[in-house]
Amino acid sequence: MFNVHLKKTLWAAIAAALLGCGDGGSNNNANPDQATLIVPQDIPPGYDYPGVRSVLQVYADQNDVVAMRRHSWNLWAGMTTASEASYNGAVLPIWETWCGTQEVFDSKTCGLLSMPKRQFEAPNQHAHFLSQGVSMALDNTQVVSFNKYNPAAANFLAKRHAQNGGLYDYTNGSDLVALNASWPQFTPISERSIIEAPYTPSSSGVQGSAAIETKPVMLYVKATGLTAIPLWRGPADSWNLENPTPETWKTCVLIDPASTAPAGTPPVPYDPNIHPGVINRQNTDNGGSGETPGCLSNQYLYAPMSTLYTFKMTAEEAVQFNKAQGGTAVAGDYAALVAMHVSTKEIKNWVWQTFWWQPGPDTLNNFPGNKLNMTDNVKGLWRNFAMCTVWYQTQGATSEQMNVCFNPYLETSPTIPSGLTSNCMSCHGTATVGVATPNAAFPISSLPYPPHYRNPINFDGLEFAPFTKTDFMWSIQNNATPPK
């Protein structure tokens, strides 16, 4: 891992060699030909990262909700604090310096990055039924996503790992299939797993680390006019109570990129006499004048774009965005972060938290989460997010009551069984790899998502016997190169 002084020295030297002079970019005109330099940075000290594993496990076992949420909010604060890197004139938050799927799984070039890595794609969980041979129409939500990996996670996936007398690359589909075939007869199911992702505790004043995976979720905002972004107000504010996907939400916020109001400005009722501009309706607001499904025009709210984290898209990014999930984005339009899954290997079964854009007040029923217990470490626009967290499938080690924690922008999809009762840990606990398949979309077999969330999953159950567990990381099965 780079230390601060080495990073700054290396940064300055290479930047001077590559750039010669100039600031390396402009906030108004994204130019991919302008060289820049981004060194992946981990969460800095001061944000309770990495937590003490034994302490965090007690929080989980005892269902200490306040302590767990404070820790998750501090993680969010650390991820979103300013990094040492800038791109196109804007300082990047820490998580934007992390490597993406292309660098970790494809090119294996996670080091010095020329630009923030955002490989737009339709969310994998929206197509998970395809892995089971079930054909379903994709959602019309227009959300796109990608994965990012902090240095500990990226370094872990970059290595070949010794198991069963062989060396295996977890980003290579052929290696994963070979690993699954290599287990000696009668190997206990509990041992049929890849090596666990790393956790290094802090010691003697030296900060440790833990593998972190994130899944940012984006919509887009047109560069001019007012763009309708759906606002989660619970299933009751949707035209579809069972699968309230974003395009069925009745409330939208009209986002104004021309407004100079600060990030803490709450949404207010829309008034065309006060808030001029042509309304850009997307697939996420496909009702047109209050028709169903889609936003009701009499429930429109208005807010400045500063309430969202956004960046201008290049022509290439706009094409990729449209290809991933439809839309009419063009160069100069903005990608806007509306949600993010975050998982950290701070306890054996990972710490799970998911965030979604929730400017102004929380939903009336606080479902599936809210902004309670947010610490003062969270700053600026990042305070406009709600959160739910789950560190145990049930509400503590002695409870039989299941936890519910999902992201409204993702798990409301009908392609995810029982999304409104789901939780991150149970879902990711089924992350597995098996044999090669002829399914081009999912060329390695795996267990399906849980059909329901009424009871906790036994992660050493017989259904896991034909598979190799991937330490709760669906990204391995989803992104590994196809087996030959």
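Just so it is clear, none of the values below were taken in a lab; they were calculated from the coordinates. It should be emphasised that the depicted structure is a prediction, and the values quoted were computed from it without experimental measurement. Please note: Cβ atoms are built from the backbone with ideal geometry, for glycine as well, and neighbour counts cover all protein chains shown.
A few notes on this one:
- On the basis of the beta-carbon distance and an R0 of 41 Å, ALA397 and ASN298 show a calculated FRET efficiency of 0.30.
- What separates the Cα centres of the range 442-481 and the range 360-385 is a distance of 31 Å.
- 12 Å beta-carbon shell around TRP95, net charge (K/R +1, D/E -1): +1
- Tail fraction, Cα-Cα pairs, the range 298-371, threshold 19 Å, whole percent: 58 percent
- Unit Cα scatterers, Debye sum, the range 214-336: log10 I(q)/I(0) for q = 0.09, 0.23 Å⁻¹: -0.24, -1.42
- Normalising by residue count, the range 370-449 has a Cα convex hull of 153 Å³ per residue.
- Taking N as its residue count, the alpha carbon Rg of the chain over 2.2 N^0.38 Å: 0.96
- Gained length - THR375 relative to VAL404, 0.36 nm times residue gap less alpha-carbon distance: 8.2 nm
- Sorted on the mean count of surrounding Cβ atoms within 10 Å across their residues, most packed first, peptides 421-432, 211-222, 309-320 read 211-222, 421-432, 309-320.
- Working from Cα pairs under 8 Å separated by at least six residues, relative contact order for the chain is 18 percent.
- Remark: the range 378-386, residue by residue, has Karplus-estimated 3J(HN,Hα) of 6, 10, x, 4, 5, 7, 8, 10, 9 Hz, where x stands for each Gly or Pro and the curve is 6.51 cos²θ - 1.76 cosθ + 1.60 at θ = phi - 60°.
- GLU196-ASN366 pseudo-label distance in nm [points 7 Å out on the Cα-to-Cβ vector]: 3.2 nm
- An ellipsoid equivalent to the range 385-429, defined through the eigenvalues of its Cα gyration tensor, has semi-axes of 19, 12, 8 Å when rounded to whole angstrom and sorted largest first.
- Extension gain (nm, one decimal) between LYS348 and ALA162, 0.36 nm per residue minus Cα-Cα: 64.9 nm
- Ordering of 296-307, 226-237, 197-208 by packing is 226-237, 296-307, 197-208, highest average first (other Cβ atoms within 10 Å, averaged per residue).
- The peptide list 155-167, 459-471, put in order of mean Cβ contacts within 10 Å with the highest first, becomes 459-471, 155-167.
- Rounded to the nearest Hz, the phi-derived 3J(HN,Hα) couplings of the range 437-443 under the Karplus curve 6.51 cos²θ - 1.76 cosθ + 1.60 (θ = phi - 60°) are 10, x, 6, 4, 6, 9, x, where x marks glycine and proline.
- For the range 274-403, the share of alpha carbon pairs falling in successive 5 Å distance bins from zero is 2, 8, 12, 16, 18, 16, 12, 8, 5, 2, 1, 0 percent.
- Computed E for GLU242/ASN273 - FRET, C-beta separation, R0 51 angstrom, nearest 0.05: 0.85
- Percent of beta bridges antiparallel (DSSP, the chain, rounded to nearest 5): 85 percent
- Straight-distance crosslink candidates among aspartates and glutamates, where the alpha carbon sits under 12 Å from LYS469 and sequence neighbours closer than 8 are dropped: GLU191, GLU196, ASP460
- Kirkwood Rh and Cα Rg combined as Rg over Rh, evaluated for the range 132-268: 1.13
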